[in-house]
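Presented below is the structure to which this report refers.
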Amino acid sequence: MDRIQNLVSIDRTDRKIIFELDLNSRQPYSLLAKKIRISQQVATYRVNRLVEQGIITSFMTVISTLSIGLPLVAKMYLQFSGTTKEKEQEVYHFLVTHKNVNWVARTLGKYDLFTAVMVKDLQTFGLFKEELLTKYGSNINENEILFIEKAYTLPRNYLIHKKPELLKPLQIQHKSLFILGDVEKKILKTIVDNSRITALEIAAQMEINVKTVMSKLQFLQNKGVIQGYRININRQKLGYSYFKLLITLRTHDHQLRKELNSYCLSRDNVVHVIENIGKYELELEIEVQNSESMHQFVREMRNLHASAIGAIETVEILEELKLSWLPSEF
């Protein structure tokens, strides 16, 4: 009932705006308006309205973790036991405010909480894990640890039924062989959670020349440090649910895995494809209108790729409490 009450009605123009901003949330209103064939004034008004309605919740800069000296992205999936709402809130607060954590989500299914950390090495992750389990281990019944090997983020093709083969996914584990300077780091910190901030505003905040900012941004994009600019949305207000499919594989045959990956990357409702080291070697994140659509997706994938897929665990992501492409320690 709550989900129905939270729905916001949007038209095809709004859907096109969301789609285009998800491809490039930094593009100027003039370019956005031209793509959608509306006036710049209307484009500006509609984007602001989508923000006010709580449909667009943030404008994000996608950053390659490998290229910024944080090659290890580790995830922990937690199942609570013998806890209270107050204790769960305490765990959430600990994770949301932790210097290494970049993602925290409340979930429904086998696991109650997902979290991810960006760190420079296994020792740093070990310290984080020890700190978490020392504080809250008695309230955690099960925890699964995974390390990201490759990760792709895809456009929301389902919004306008765009052909997915025309759009290249972003590979967020991109390696660049150079060392970031202080200016580049400050620019990334400034832009990571606000991709629409202008070069002029960045220059004013940092007290440097605007031409320096523009050249540094172009440099970071060319080197693959900045992989793209996206938006985060409130899926429930659009009538969609967010699921993570945790997949164990039954084979390591290269051709079968290649076929499975190609299939996953071509599905309209898939927004992330992640290859892990750990129990769940493949993960998909999908946005669908209801649980029946999710089950239909799972059945089709399992039937088409029965030789590659072992088991599939489905977990619904209810709320993302923290999402950033940089940890606060960076």
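Read-outs throughout are calculated quantities, based only on the coordinates presented, and are distinct from any laboratory measurement. Nothing here was measured: the structure is a model prediction, and the numbers come from that model. No Cβ is skipped: glycine too gets one built from the backbone with ideal geometry, and neighbour counts run over all protein chains shown.
General remarks:
- Backbone HN-Hα couplings from phi across the range 305-312 [Karplus 6.51/-1.76/1.60, Hz, Gly and Pro as x]: 10, 4, 6, 9, 9, x, 10, 10
- The helix-only estimate of mean residue ellipticity at 222 nm for the chain, built from DSSP H runs of length n ≥ 4 each weighted as -39500 (n - 2.57), is -11000 deg cm²/dmol after division by the residue total.
- Taking the chain and dividing mean pair separation by its residue count, relative contact order in percent (alpha carbons under 8 Å, at least six apart): 28 percent
- Prolate/oblate/rounded label for the range 179-222 (Cα gyration tensor, a/c 1.5): rounded
- Within the range 240-261: backbone nitrogen closer than 14 Å to the Arg302 label point (7 Å, Cα to C-beta): 245-250
- Along principal axes, Cα extents of the range 1-109, largest first, whole Å: 55, 44, 21
- The amide H of Leu113, built 1.01 Å from its N in the peptide plane, has Leu78, Thr107 as neighbours under 5 Å, considering only residues 5 or more places off or on other chains.
- Once backbone amide H atoms are built at 1.01 Å from N, Thr57 has Asn232, Ile233, Asn234 as its partners under 5 Å, excluding neighbours fewer than 5 places away on the same chain.
- Converting phi to 3J(HN,Hα) with the Karplus coefficients 6.51, -1.76 and 1.60 and the offset θ = phi - 60°, the range 235-247 yields 5, 4, 5, 9, x, 10, 10, 10, 10, 10, 9, 9, 10 Hz in sequence order, with x at every glycine or proline.
- Close amide H partners of Gly228, meaning residues 5 or more places away or on another chain with modelled amide H under 5 Å apart, are Val62.
- Taking the alpha carbon gyration tensor of the range 2-56, multiplying each eigenvalue by 5 and rooting it gives semi-axes of 21, 11, 10 Å, largest first.
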